[in-house]
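Engineer: Input: one structure, supplied below.
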Amino acid sequence: MNEQQLQAIKSLQHLCEQRDGILLKLNDDMLRMHSRAEHMDYFHYEGDALIGFLALYGFGGQLEVCGMVHPDYRRQGIFTRLWNEALASGRLSNVSYILFNAPKASLSAPEWLKTIRCRYSFSEYEMAWQELPEQDFSANTPTVSVSYRPYEQEDQNYVLQLYADGFDTNEEDTAEMLAEEAHSSKRIRSMVVYHGETVGTLVMDYDTPGQAWLFGFVIDGAYRGQGIGRGILLQIIRRENEAGLQPHIGVETQNDHALRLYENCGFRSYVVQDYYELRL
């Protein structure tokens with residue numbers, strides 16, 4: 001994808017968000033990847049103006065779809081045509097189901113999703129950290145050493161195991177993700193260290209100015225319930241806050257334990273993204 005296309009997407013995204021009062025999740029960092037595969041992005045133009053856009057994203061063995069249509073051009077079948085192009089490309093032939101992402105505040109997206117018989121699957125909170133007057137970054141952390149270190153190539157097999165156990169992600173998809181991260185200057189993976197042992201991993205993404213996004217945070221199942229996640233989370237918050245960046249994170253609504261952890265550390269939800277499942 002070239003820079004002109006990326007700028008057109010940004011302009012259309014800004015217009016849709018302003019007119020609809022929503023926040024779209026278009027994964028700008030993935031759109032910019034040099035290794036992004038063919039037949040993942042679909043465009044509709046009127047003259048030189050981008051009017052509609054649909055993108056496919058691979059996450060852990062599944063495909064997600066997100067997109068938008070200019071508010072003045074809706075109900076003309078534009079997004080349906082883009083979707084049919086994606087279906088005809090063959091890119092979806094090897095998946096059993098896909099997830100459509102739509103902001104909960106969107107009025108138009110759920111109406112279109114009804115036309116292809118999607119069913120609601122789950123919601124995800126996008127959360128931003130807010131400094132609390134009583135926040136104590138040293139409180140309630142494990143008494144033994146909890147820290148993090150840079151990811152190294154030798155950690156790959158352990159990360160494959162962590163993601164298989166924690167997120168049910170297959171090894172091929174995780175390995176591909178790690179390879180992408182190796183070529184990205186804005187995504188930095190770290191390994192969690194507990195009493196000298198490597199017990200987890202996380203990724204920080206710095207693609208959005210002024211923000212630091214935490215992704216793929218998982219602790220080995222054998223070490224959960226000991227305050228390790230909270231201890232690392234407080235260290236990350238302190239580090240990013242001191243660097244002048246606002247920490248952000250996304251969490252599924254079903255994950256009550258993670259949601260409580262993030263809320264207790266100062267994260268507050270500011271937008272909800274709904275996900276709809278379509279069986280192919």
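Engineer: Given a 1.4 angstrom probe, I'd like the percentage of the accessible area of segment 1-112 that is carbon and sulfur, rounded to a whole number.
Structural biologist: On segment 1-112, the fraction of accessible area on carbon and sulfur atoms equals 48 percent.
Engineer: Once you keep just the Cα pairs under 8 angstrom separated by 6 or more residues, what percentage relative contact order results for the chain?
Structural biologist: Reported relative contact order: 24 percent.
Engineer: Could you compute how fast segment 171-280 diffuses translationally, taking Rh as the Kirkwood radius over C-alpha pairs and applying Stokes-Einstein at 25 °C with viscosity 0.890 mPa s? Give it in µm² per second.
Structural biologist: It comes out at roughly 158 µm²/s.
Engineer: Using a simple spin-label model with points 7 Å from Cα along the Cα→Cβ vector, what separation in nm is obtained for Glu3 and Arg279?
Structural biologist: It works out to 4.7 nm between the two label points.
Engineer: Given a Förster distance of 51 Å, report the FRET efficiency between Glu46 and Asp168 from their Cβ-Cβ distance, rounded to the nearest 0.05.
Structural biologist: 0.75
Engineer: How would segment 59-102 be classified by its alpha-carbon gyration tensor: rounded, prolate or oblate, with rounded meaning a/c under 1.5 and the a/b versus b/c comparison settling the rest?
Structural biologist: oblate
Engineer: A follow-up question, please. Let me know the shape class of segment 156-235, please: from the alpha-carbon gyration tensor, a ≥ b ≥ c as square roots of the eigenvalues, rounded when a/c is under 1.5, otherwise prolate if a/b is greater than b/c, or oblate.
Structural biologist: Oblate, because a/c is 1.5 or more while a/b does not exceed b/c.
Engineer: Once you order the gyration tensor axes a ≥ b ≥ c over the Cα atoms, which shape class does segment 152-201 get: rounded for a/c under 1.5, otherwise prolate or oblate by comparing a/b with b/c?
Structural biologist: oblate
Engineer: Sort largest first and round to whole Å: the equivalent ellipsoid semi-axes of segment 92-131, each the square root of five times a Cα gyration tensor eigenvalue.
Structural biologist: The answer is 25, 16, 7 Å, longest axis first.
Engineer: With a 1.4 Å probe and all protein chains in place, put His257, His183, His34, His14 in order of accessible area, largest first.
Structural biologist: His34, His183, His257, His14
Engineer: What whole-number value in Å² describes the accessible area per residue of the chain for a 1.4 Å probe?
Structural biologist: The answer is 52 Å² per residue.
Engineer: How much FRET efficiency would the formula 1/(1 + (r/R0)^6) give for Gln254 and Gln62, where r is the Cβ-Cβ distance and R0 is 22 Å, rounded to 0.05?
Structural biologist: Computed FRET efficiency for Gln254 and Gln62: 0.85.
Engineer: Here is a follow-up. Rounded to a whole number, what % of the accessible area of segment 138-233 do carbon and sulfur atoms account for, probe 1.4 Å?
Structural biologist: Looking at segment 138-233 in its full context, I get 47 percent from C and S.
Engineer: Counting only DSSP beta bridges with both residues in segment 48-109, tell me the antiparallel percent, nearest 5.
Structural biologist: 75
Engineer: Return the percentage of antiparallel bridges among DSSP beta bridges fully within the chain, rounded to the nearest 5 %.
Structural biologist: If I count the DSSP bridges inside the chain, around 90 percent turn out antiparallel.
Engineer: Here is a follow-up. For segment 39-88 and segment 148-170, what is the separation of their Cα centres, given in Å?
Structural biologist: So the two Cα centres are separated by 33 Å.
Engineer: Taking every pair of Cα atoms in the chain, average 1/r, invert it to obtain the Kirkwood radius, and report Rg/Rh to two decimals.
Structural biologist: 0.97
The values are calculated or read from the model by the stated rules, or taken from the named source; none is laboratory data. Predicted model, so just to flag it, every value in this text is computed and none were measured. Positions of Cβ are backbone-derived with ideal geometry, glycine not excepted, and every protein chain shown enters the neighbour counts. SASA here: full protein model, heavy atoms, side chains in, ligands and nucleic acids out. Shrake-Rupley method; radii C 1.70, N 1.55, O 1.52, S 1.80 Å.
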